[in-house]
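Peer 1: This is the structure I have questions about; it appears just below.
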Amino acid sequence: MEKRIICSVVLAAAMVAAVPTVRAQKGGTPERDPIPMPTVSIDSVMKHIVELSSETYEGRLAGTEGYDRAAKYVGNVLRRYGVRELKEQPFELECNEVENCKFNIYTPGSKEKRVFTLGNEFCCAGMTGRGYVDAQMVFCGYGVDNGLFDEYKGVDVQGKIAVVLTGVPEWLPGSVADHYRTLRDKARTAERHGAIGLLAINISPSCTSYEPQGRVYCGELPHLGTFPILQLTLDCGREILNGEAMGLDAAKEAIDKEHKVSSFATLKKAEVDVNARYRPRARTMNVVGLLEGSDKHLRSEIVVVGASLDGIGIQGETCLFPGADINASGVAAVLETARVLSDKEFRPRRSVLFVLFSGSEQQYAGSREFLNQYGRLRNVEAFVNAQNIGCGDSLVVLGDNRYPTLWEIAHSHDTAADRQHMLRSEAKTNPRGDAKAFDNLAIPSIVVTTHNGMQHNHVASDIWENIDRRILHQATRLMAETVAELGEGLYQGRSPQSRSLRFRN
């Protein structure tokens, strides 16, 4: 059961308002005088974001040289800030590097072709197959072939390219919908009916109609090595179905509102040529560094601070996903927290372990690997995660449902000096993302993120120029102050039962 050795959180908040961090007596350790926390530098934070979102790192796709360069960069920064025992924590995952892709449409008999630009109107699915196809397009709705709703019935896709919508109809039962949610699910279904390629029109409300949204994870294996999969913008989807039996919006409305199958063969053909290099077991790594605590009695206890380092990568020469907000912003906050806490006069009593995770774009594989490999899990008292903190209108700290006392520590720093940047929702939240694996071991965890901050989610416009310095500064300061208090040894959220748990990947 989560607990905190103090009578009142309100008292703690009052202490925080007067003093940046709580300096308390524990286990016979003499109390030390309050020391002002070094100032969080927004220029320092922005410097890391500008660097990590540059072309040098090619979007930081896990398993590539671009990611490796980013891992080396953050390791060097931590070392320069005084973090020691730096090491790489290697593991393997699948990696697909799209070296080039061509996509155009034409009407048979016409000399004109509509040529689309990679990164402008479309991008490749993260786990697309390679190959060249030139065939008629067939619209197949959401790509469902269940007996209750079969969108392949009545159309012939043998040797043709299936065109589908992303996602699943909201009215479809979950037990059915789960088989068609991912692009690999849809591609396997299309291939089963004889299709030789897939064009998926992105209708996600989290993305604009004109900007391609990249994804690395496309569903579970197996990989379809010679089956090209492209993801089109909504505007591109509308264009390729313009002048056909039904327009895209009319077809979608018939499916969503009338529950009618709206599949049809188009008059146009598509030409797709994908050159991709797929590796089922590419090497990547987490970057781990320890800032040893200043107190000989408490330095064996550990507060983990982390953020995901990897991104979507680059496709060809025209489609770069910089990942400035997602998640160079979180990485930069972790690095700045390391800089602040490494001050010799301010160093926390507990040890702080900084972890930059790989594989977050593949179901947060890096955080699971960390817990699978790290040998001192019994000593971990809490995990603080930073995710996407460069855009939005207010701060959000996730985890108050599971770990209300830990959440209140963050909240107390937000209310100190009447800042009140945190949005307090009536619906309590659980840790997510990289923090989810920690939560599975009952390690108290919170996630610092933002509200309404996903406008550049996995798109090319996620550049440093679109970072909101105000919200970034607020989030970084909140994170650093929260970690500083946790480092003083007052908070204890682990139960004896949780310390005996072992991670099962």
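The values are calculated or read from the model by the stated rules, or taken from the named source; none is laboratory data. Since the model is a prediction, treat every value here as computed from it, not as a measurement. Heads up, the Cβs are rebuilt from the backbone with ideal geometry, glycines too, and the neighbour counts pull from every protein chain shown.
Peer 1: Can you find a residue in the stretch 358-379 that is surrounded by fewer than 23 Cβ atoms within 10 Å (Cβ to Cβ), within 16 Å of THR482 (Cβ to Cβ) and touching a residue at least 40 places away in the same chain (Cβ under 8 Å)?
Peer 2: Scanning the stretch 358-379 turns up no residue that is surrounded by fewer than 23 Cβ atoms within 10 Å (Cβ to Cβ), within 16 Å of THR482 (Cβ to Cβ) and touching a residue at least 40 places away in the same chain (Cβ under 8 Å).
Peer 1: Let me ask you something else. When the stretch 467-502 is examined, which residues are found to be outside any loop (DSSP other than H, G, I, E, B), among the charged types (D, E, K, R) and at pLDDT 90 or above?
Peer 2: The answer is ARG469, ARG470, ARG477, GLU481, GLU485.
Peer 1: Turning to a different aspect of this structure: Inside the stretch 102-197, counting only strands (runs of 3 or more DSSP E) that do not spill past its ends, which hold 1 or more residues that are under 25 Å from GLN213 (Cβ atoms) and aliphatic (A, V, I, L, M)?
Peer 2: Per the criteria, 114-116, 131-139, 161-165.
Peer 1: Let me ask something else. Take the residues of the stretch 335-349 that are hydrophobic (A, V, I, L, M, F, W, C) and within 14 Å of PRO36 (Cβ to Cβ): which is surrounded by the most Cβ atoms within 10 Å (Cβ to Cβ)?
Peer 2: LEU341
Peer 1: Another question, if that's okay. For VAL98, state whether it is more than 16 Å from CYS236 (Cα to Cα) and among the aliphatic types (A, V, I, L, M).
Peer 2: Judged against the criteria, VAL98 is a match.
Peer 1: Filter the stretch 299-345 down to the residues that are touching a helix residue (DSSP H, G or I) at 6+ places or on another chain (Cβ under 8 Å), polar (S, T, N, Q) and in a strand (DSSP E or B) and list them by number.
Peer 2: Selection gives SER308 alone.
Peer 1: Inspect the stretch 199-206 for any residue being crowded, with 23+ Cβ neighbours inside 10 Å and either outside the structural domain of TYR106 (by TED's automatic domain parsing) or assigned to a loop (DSSP other than H, G, I, E, B) (or both) and give the result as yes or no.
Peer 2: yes
Peer 1: Please indicate, with yes or no, whether at least one residue in the stretch 58-75 is surrounded by fewer than 16 Cβ atoms within 10 Å (Cβ to Cβ), more than 18 Å from the chain's Cα centre (by Cα) and part of a strand (DSSP E or B).
Peer 2: No.
Peer 1: Do you know which of the residues in the stretch 70-121 that are in contact (Cβ under 8 Å) with a residue 40 or more places away in the chain and among the aromatic types (Phe, Trp, Tyr) is nearest to VAL331 (Cα to Cα)?
Peer 2: Filtering first and then ranking leaves TYR81.
Peer 1: Which one of VAL287, VAL261, VAL272 is among the β-branched types (Val, Ile, Thr) and either out of contact with any Gly (no Cβ under 7 Å at 6 or more places or on another chain) or under 30 Å from TYR73 (Cα atoms) (or both)?
Peer 2: VAL287
Peer 1: Only one of GLY453, GLY399 is crowded, with 21+ Cβ neighbours inside 10 Å and under 30 Å from CYS123 (Cα atoms); which?
Peer 2: Matching residue, one of GLY453, GLY399: GLY453.
Peer 1: I've got another one for you. Within the stretch 203-217, track down each residue that is of a type in the set (A, V, I, L, M) and touching a residue at least 60 places away in the same chain (Cβ under 8 Å).
Peer 2: Matches in the stretch 203-217: VAL216 only.
Peer 1: Also, quick follow-up: Being part of a helix (DSSP H, G or I), over 18 Å from VAL355 (Cβ atoms) and modelled with pLDDT under 95: is that true of THR429 here?
Peer 2: It is false that THR429 is part of a helix (DSSP H, G or I), over 18 Å from VAL355 (Cβ atoms) and modelled with pLDDT under 95.
For (1) under 24 Å from ARG339 (Cα atoms); (2) assigned by TED's automatic domain parsing to the domain that holds ASN379; (3) of a type in the set (Val, Ile, Thr), each residue gets a yes or a no:
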{"residue": "ALA410", "(1), (2), (3)": "yes, yes, no"}
{"residue": "ARG424", "(1), (2), (3)": "no, yes, no"}
{"residue": "PRO431", "(1), (2), (3)": "no, yes, no"}
{"residue": "VAL448", "(1), (2), (3)": "yes, yes, yes"}
{"residue": "ASN466", "(1), (2), (3)": "no, yes, no"}
{"residue": "ILE471", "(1), (2), (3)": "yes, yes, yes"}
{"residue": "THR476", "(1), (2), (3)": "yes, yes, yes"}
{"residue": "GLU481", "(1), (2), (3)": "yes, yes, no"}
{"residue": "LEU486", "(1), (2), (3)": "yes, yes, no"}
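Peer 1: Tally up the residues in the stretch 233-281 that are β-branched (Val, Ile, Thr) and either in a loop (DSSP other than H, G, I, E, B) or farther than 17 Å from VAL115 by Cβ (or both), please.
Peer 2: Counting residues in the stretch 233-281 that are β-branched (Val, Ile, Thr) and either in a loop (DSSP other than H, G, I, E, B) or farther than 17 Å from VAL115 by Cβ (or both) gives 4.
Peer 1: State the number of residues belonging to the stretch 270-296 that are under 19 Å from LEU486 (Cβ atoms) and not basic (Lys, Arg).
Peer 2: 8
Peer 1: A further question follows. Of all residues in the stretch 257-273, which are touching a residue at least 12 places away in the same chain (Cβ under 8 Å) and not hydrophobic (A, V, I, L, M, F, W, C)?
Peer 2: HIS259, SER262, SER263, THR266, LYS268, LYS269, GLU271, ASP273, listed by residue number.
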